1. Restricting segment 129-161 to residues that are touching a strand residue (DSSP E or B) at 6+ places or on another chain (Cβ under 9 Å), closer than 23 Å to residue 15 by Cβ and surrounded by fewer than 20 Cβ atoms within 10 Å (Cβ to Cβ), which is modelled with the lowest pLDDT?
2. I need the full set of residues from segment 1-37 which are more than 28 Å from residue 133 (Cα to Cα) and not basic (Lys, Arg), in order please.
3. Name the one entry in 164, 207, 170 that is over 24 Å from residue 244 (Cα atoms), of a type in the set (Val, Ile, Thr) and either more than 13 Å from the chain's Cα centre (by Cα) or at pLDDT below 90 (or both).
4. Answer with yes or no whether residue 255 is part of a loop (DSSP other than H, G, I, E, B), in contact with a Pro (Cβ under 7 Å, 6 or more places away or on another chain) and at negative phi.
5. Look at segment 60-88 and say how many of its residues are surrounded by 16 or more Cβ atoms within 10 Å (Cβ to Cβ), out of contact with any Asp or Glu (no Cβ under 7 Å at 6 or more places or on another chain) and closer than 28 Å to residue 101 by Cα.
6. Looking at (1) among the basic types (Lys, Arg); (2) more than 22 Å from residue 172 (Cβ to Cβ); (3) touching a strand residue (DSSP E or B) at 6+ places or on another chain (Cβ under 6 Å), which one does residue 30 not meet, given that it meets all the others?
7. Which of (1) in a loop (DSSP other than H, G, I, E, B); (2) out of contact with any helix residue (DSSP H, G or I) (no Cβ under 9 Å at 6 or more places or on another chain); (3) within 22 Å of residue 168 (Cβ to Cβ) does residue 2 not meet, given it meets every other one?
8. Can you confirm whether residue 268 is surrounded by fewer than 15 Cβ atoms within 10 Å (Cβ to Cβ) and in a helix (DSSP H, G or I)?
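The values are calculated or read from the model by the stated rules, or taken from the named source; none is laboratory data. Computed from a predicted model, the values in this text were never measured in an experiment. Ideal geometry is used to build each Cβ from the backbone, glycine not excepted, and the neighbour counts take in all protein chains shown.
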Amino acid sequence: MNKFNIVAPINKIPSTFKLFLHSIENQDYKEKKLFLIIDNNPTLKNELLEYFHDINFDYTIMENNGTSGPSATRNLAISHLNDGFITFLDSDDMLGKNYLRKMSNFLEKNPNIKAVAASGTKFAMDVKQNLILRGKSNLIFKSGSMSEAQVFLNEIGSISGFTVSANNKVLFDESMFFLEDYDFYLKNIAKGIQIFSNSEAEYFYFVGLGPKKYDRNRQKYACNKINENNRKISKNFLNNLLLYMQSNKLRLRHSDNKFRASIIMLFIFLLSPSHSLRFFRRLFNV
């Protein structure tokens, strides 16, 4: 039976925190342990302990009092883990029913797999704290591996809902929007580890009500860092070019330059026609 170490950074207690805890507690799976890491907030631990009085699963609360940010905070837990698998889960998200068992079954059937992305469903909370489901986040492939170019050309999604071998020992760089996702995936790929998808295991991630807001300056910085990090580990000219175009398309997509983003997308399609198929699969969520 695979052991799952659930790693979650926390800076303040979100409104969905009880859902987060109960989703772990209700898993029909014994080999699990939560590593809840406090992100540079020395007064939070006592408040957190109030939520754990009746919890009946194994957990450890750690404190990161140095460099703040979810990436540095996750690294603190990763550095202590040497066996089993790490499942990343944000403290405002939650695991789907039997998530760990479904993930374990997937890994046992495929013993060579070291990294798995899970299917996600968005949710929000209304003013009465009722749960509102807001649609699925489509995995590009229902099964099979995601190759280097596919990772470059698609936003796989948050690290939340991602499972990786604990002895892989890939650490995060820094957290700026989607930067941490790409950085972590690229580092895995650079070690020769392919990322597989598992649509049977589902997690739920909090998105809130209303449109998502973007800090364009930070997003521009993140795009530049994606390209800088990739050049250090990849010598493939076409992949580097596609990644450069994709990161700029992402930066422009949430700005007023949607026309320029569309032109870049067109060039991506010309350079890599198979990406158009994946694009339409995402569009229609099939």
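1. If we take residues in segment 129-161 being touching a strand residue (DSSP E or B) at 6+ places or on another chain (Cβ under 9 Å), closer than 23 Å to residue 15 by Cβ and surrounded by fewer than 20 Cβ atoms within 10 Å (Cβ to Cβ), then 157 is modelled with the lowest pLDDT.
2. 1, 2, 31
3. After applying the criteria, what remains is 207.
4. Considered against the rule, which asks whether it is part of a loop (DSSP other than H, G, I, E, B), in contact with a Pro (Cβ under 7 Å, 6 or more places away or on another chain) and at negative phi, residue 255 comes out as no.
5. 11
6. (3)
7. Failed condition: (2).
8. no
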